[in-house]
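The values are calculated or read from the model by the stated rules, or taken from the named source; none is laboratory data. Since the structure is predicted, the reported quantities are computational estimates derived from the model, not experimental observations. Here the Cβ positions follow ideal geometry from the backbone for every residue, glycine too, while neighbour counts run over all protein chains shown.
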Amino acid sequence: MKIAIVCYPTFGGSGVVATELGLELAKRGHEIHFITYKQPVRLALLNPNVFYHEVTVPEYPLFHYQPYELALSSKLVDMVKMYHIELLHVHYAIPHAYAGYMAKQILKDEGIRIPMVTTLHGTDITLVGNHPNYKSAVTFSINKSDIVTSVSQNLKDETNKFFKITKEIEVIPNFIELDKVEVAEGTPCYRTLMAKDSEKIITHISNFRKVKRIPDVIKIFYAIQKEIPAKLMMVGEGPEKEKAELLCESLGILDKVIFFGNSNEIDKILCFTDLFLLPSETESFGLAALEAMACGVPVISSNTGGLPEVNSDGFSGYLSPVGAIESMSSNAISILKDEATLKLFKKNAMEVAKRFDITQILPMYEAVYEKAIQNQHNTIL
């Protein structure tokens, strides 16, 4: 198949999932065209089946905000015609599904019919999409998609709750590439660069937005380090980072916390890690938690959104109510204080992660693509 993938080219979960999905599809012989405003951060172009097409938005003084949706729609039309693309797979309802629908209509007027699969990832629905200024357009875009998928059952339920959806939403969970993790496991893990042998390493990875509850991460770690020698690895950039640094300073633990910023070496950092913290206000899925678990890192998380579908309470880690810092701290200490317990939770985390290996998930997407194309052919006939 010739597939166009539209995504945000950022460190966020939706961009990572879209990129890794496209690369794996290319390995299977599909021709993949990434169409976005910047090369995705994890996109490797050393594959004859992978193409990248940049969407450029010409600056014009009339526009206070440059019309990206218009430029994206036009680019999609041009690329479909130039490369004979058979299917659009857009990740994130805003603005990609809307732009994809417009491209479909333009192509239809030129006698070209192409199906569109829309994957919902989370904040495009629960935060941005539910805003009154966008709700009607998001509802329209979802309902006009040929097939809609969501990354968790919780996100499907939330979408149906907040929007008048007439399309059936298929749940296809996010995934991890365990073969890459296994390769990383074979490389030296220079743990002593980050901490002493006597110290446990705690990690948090996110975009440092308020929804991630960064102060809770710091406070949980503060409680842990009072009981167990430990270091905290904070990976990512965002508006809450400076406040986090100030909180660490006020608590007197700045020397025990390392702020990495954005990193392309997540696997190496997780190699060091003994425990992962994700006390978010909400997570549509919890991809960062899954990446940690695939590296054998148990997870302490909130029980919100799709996290209970990923983190198995009492097995791969623990779930607690949002904001329950004392409970999360206690659960973290119970895992870390005993080596046998920690070893068991690490083993369990890897077992749960196997359920989300890309080899289990990719055929689900291929089946959706084939159904979308077949339905399109049946409609024409």
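On inspection, Met194 does not qualify as in contact with a strand residue (DSSP E or B) (Cβ under 9 Å, 6 or more places away or on another chain), at pLDDT 95 or above and not hydroxyl-bearing (Ser, Thr, Tyr).
The set of residues from segment 157-173 being modelled with pLDDT under 95 and touching a Leu at 6+ places or on another chain (Cβ under 8 Å) comprises just one member, Thr159. If you go through segment 292-334 and keep only what is surrounded by fewer than 23 Cβ atoms within 10 Å (Cβ to Cβ) and of a type in the set (A, V, I, L, M), you end up with Leu319, Val322, Ala324, Ile325, Ile333.
Return only the number of the condition from (1) in contact with a Gly (Cβ under 6 Å, 6 or more places away or on another chain); (2) closer than 27 Å to Lys343 by Cα that Glu237 does not satisfy. Condition not satisfied by Glu237: (2).
Let's see how each residue does on (1) touching a strand residue (DSSP E or B) at 6+ places or on another chain (Cβ under 7 Å); (2) more than 21 Å from Ile358 (Cβ to Cβ):
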site	(1), (2)
Glu20	no, no
Glu24	no, no
Gln39	yes, yes
His53	yes, yes
Tyr83	yes, yes
Gly100	yes, yes
Leu107	no, yes
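Annotation note: Cβ proximity below 6 Å between a residue of segment 164-175 that is within 12 Å of Leu362 (Cβ to Cβ) and a residue that is hydroxyl-bearing (Ser, Thr, Tyr) and buried (at least 16 other Cβ atoms within 10 Å of the Cβ) (sequence gap 6+ or interchain) occurs for Ile172/Thr149.
Considering only segment 245-348, give the helices (runs of 4 or more DSSP H) lying wholly within it that have at least 3 residues that are free of Cβ contacts under 8 Å to residues at least 60 places away in the same chain and out of contact with any Lys or Arg (no Cβ under 9 Å at 6 or more places or on another chain). Don't jump to the end; show me each part of the working.
Numbers: elements: 266-272, 287-294, 325-336.
Qualifying helices (runs of 4 or more DSSP H): 325-336.
Tally up the residues in segment 200-244 that are in a helix (DSSP H, G or I) and within 23 Å of the chain's Cα centre (by Cα), please. The total comes to 10.
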